[in-house]
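Accompanying notes for the structure given below.
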Amino acid sequence: MSKNKQNFKAPVEKNETYQGEIVDLTHEGLGVAKIDHYPLFIEGALVGETIEFKVIKIGKSFGVGKLTKIIDQSPDRVEVKDKAYAQTGTMPLQHLSYKGQLAFKKSQVENVMQKIAKLPDVPVYGVIGMENPFSYRNKAQVPVRKIKGKLETGVYRKNSHDLIPMEDFKIQDPEIDKAIVTVRDIMRTYNVKPYNEKDNTGNLRHILVRRGYHTGEMMVVLVTRTPKLFPVSKIVPDILEELPNVVSIVQNVNPKKTNVILGQEVIVLHGEDKYHDKLLDHTFEISHRSFFQVNTPQAEVLYSKVIEFAELTGEETVIDAYSGIGTITLALAEKAKEVYGIEVIEPAVEDAKRNAELNGVENVTYQVGAAEDVMLEWSKEGRSADLLVVDPPRKGLDEQFVDAVLTMKPKKMIYVSCNPATLARDLALLVEGGYTAQKVQPVDMFPQTSHIESVTLLTR
Ligand code: SAH
């Protein structure tokens, strides 16, 4: 290892300034310049731009540069909405026009389809974007810290836990931004102690706010270090008076010194641990821990694509793997004979069952378990399905899952993915096993960020 390092000589020197043209963007949206074939990743630089940059890090396979001057600017560059925001990393693509962002995301999917899946001929459709690519998040979780003696809420500076106080978060529902400021002010009034991360002292760690896009119902979660939250008898009525749409206030206690936001202990301070939102005409009960897509209208676009690709007649048996609280499951159930959901987190399955009941849907059955284990078991039992829908987390499908699919041979498969790289890896295996990838439809669920969601149709 050290020998290799000695032999390696980068064509650039640390702390020196260079000029270069940006030839590509990484999947995280960093500009790529090449000096004697050596790639340097430069934040904030766009394809086609000639820039000046200072080398700040030299690695074996790539270096990192800091943009110092734009010499020739891209026509896709837009003025950043907020300089402070650039320090936080929550909108890594904010300097790229929205049209440019959608084009970037499409080409990222095309790239992995060529390079990883080796399926260059599968059509990748244009990314379905939003009319207003801001203010879309239906959920916010902001850290609380003491700055200059004051309780503040905001965002961490990139790669750090230094809080930058912030009131307008740009990509969150503005009603949520307002609620955070309101709750912050109430906490200040009663001198609630902000959490101190260094010595694990103080009390209020995070404020979480979730809001139903279609219902307007709000949930406030106060994450504290200790169960004590003084004076709760005043805080709760104040929040309810200032924010009449709050239906639930939950205290979550997290005593540990950890980056994980939520702890185990839950104290319900008002209402129940739930609020409601709708997706494609179904109502969902959501608890403070539940996974719910953060962009409601685009989730509806995404799920509508799943339904469109499924072409159900009402006769089909469908498996919905990685079903969460049952959002896709219920959308499918309306059009199929029966749907079987598989989900590893038991409370999510409990939510899913209640949601089916709440919507009067009777043709769904849920199985708690790891999808790879349940599918293996079902394939051994000789069970099959006309359609298999999968919506795995970023790491994609387990190999055991793919093997079970290839034994079970559902006629049709729809792959909802939040990570093009693992999607492409899995598609290669499925195609090798006899499936044909028909088309890929990306949907922009996370404008201003480099995340890419897509729906792929496969047939046997
Ligand atoms: N389809 C749902 C949830 C998608 S998120 C929706 O759109 O709302 C992915 C889900 O997969 C999460 O609920 C997560 O708990 C679940 N999950 C993660 N690993 C799993 C596994 N190995 N088996 C089954 N479910 C898993």
Restricting to the stretch 252-274, give me the number of residues that are surrounded by 15 or more Cβ atoms within 10 Å (Cβ to Cβ) and out of contact with any His (no Cβ under 9 Å at 6 or more places or on another chain). 6
Could you grab me the full set of residues in the stretch 313-328 that are out of contact with any Leu (no Cβ under 7 Å at 6 or more places or on another chain) and more than 10 Å from the ligand (Cβ to nearest atom)? Thr313, Gly314, Glu315, Thr317
Identity of the residue in the stretch 374-409, in a loop (DSSP other than H, G, I, E, B) and crowded, with 20+ Cβ neighbours inside 10 Å, that ends up nearest to the ligand (Cβ to nearest atom): Asp391
Can you list residue pairs whose Cβ atoms sit under 8 Å apart, with the first residue in the stretch 191-209 being assigned by TED's automatic domain parsing to the domain that holds Pro255 and closer than 19 Å to Lys178 by Cβ and the second being among the charged types (D, E, K, R) and part of a strand (DSSP E or B)? Count only pairs 6 or more apart in sequence or on different chains. Leu208/Lys139; Val209/Lys139
Could you check the stretch 253-304 and list, in sequence order, the residues that are of a type in the set (A, V, I, L, M, F, W, C), touching a Lys or Arg at 6+ places or on another chain (Cβ under 9 Å) and free of Cβ contacts under 8 Å to residues at least 60 places away in the same chain? Val253, Leu262, Val266
Just name the residue that is surrounded by the most Cβ atoms within 10 Å (Cβ to Cβ) out of those in the stretch 279-295 that are within 11 Å of the ligand (Cβ to nearest atom) and part of a strand (DSSP E or B). Phe284
Those residues of the stretch 341-373 which are more than 12 Å from the ligand (Cβ to nearest atom) and crowded, with 21+ Cβ neighbours inside 10 Å amount to Ala356, Val364
Is one or more of the residues making up the stretch 229-251 surrounded by fewer than 21 Cβ atoms within 10 Å (Cβ to Cβ) and within 16 Å of the ligand (Cβ to nearest atom)? no
Looking for something within 30 Å of Asp173 (Cβ to Cβ) and modelled with pLDDT of 95 or more - is there at least one such residue anywhere in the stretch 312-320? yes
Single condition Lys150 does not satisfy, out of (1) modelled with pLDDT under 95; (2) surrounded by fewer than 21 Cβ atoms within 10 Å (Cβ to Cβ): (1)
When the stretch 429-447 is examined, which residues are found to be farther than 12 Å from Val109 by Cα and surrounded by fewer than 16 Cβ atoms within 10 Å (Cβ to Cβ)? Glu432, Gly433, Gly434, Thr436, Gln438
Within the group Ala336, Ala331, Ala310, which residue is more than 15 Å from the ligand (Cβ to nearest atom) and at negative phi? Ala336
So Ala424, is it small (Gly, Ala, Ser), in contact (Cβ under 8 Å) with a residue 60 or more places away in the chain, away from the ligand (no atom under 16 Å from the Cβ) and assigned to a helix (DSSP H, G or I): yes
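If you take the residues of the stretch 370-403 that are of a type outside the set (Asp, Glu) and touching an Asp or Glu at 6+ places or on another chain (Cβ under 7 Å), which of them is nearest to His451 (Cα to Cα)? Lay out the reasoning, then the answer.
We begin by selecting, within the stretch 370-403, every residue of a type outside the set (Asp, Glu); these are 370-371, 374-376, 378-380, 382-385, 387-390, 392-397, 400-402.
Within this subset, residues satisfying the condition of being touching an Asp or Glu at 6+ places or on another chain (Cβ under 7 Å) are 387, 389, 396-397, 400-402.
Numbers: Leu387: 27, Val389: 21, Gly396: 15, Leu397: 18, Gln400: 26, Phe401: 24, Val402: 24 Å.
Checked the stretch 370-403; the qualifying residue nearest to His451 (Cα to Cα) is Gly396.
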Of the listed residues (Asp351, Asp373), the one being of a type in the set (D, E, K, R) and at pLDDT below 95 is Asp351
Of the conditions (1) crowded, with 22+ Cβ neighbours inside 10 Å; (2) part of a helix (DSSP H, G or I); (3) within 12 Å of the ligand (Cβ to nearest atom); (4) of a type outside the set (Asp, Glu), Gln298 satisfies every one except a single condition; which number is it? (1)
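The values are calculated or read from the model by the stated rules, or taken from the named source; none is laboratory data. These numbers were taken from a predicted model, which means no experiment stands behind them. Note: ideal-geometry Cβ built from the backbone for every residue, glycine included; neighbour counts use all protein chains shown.
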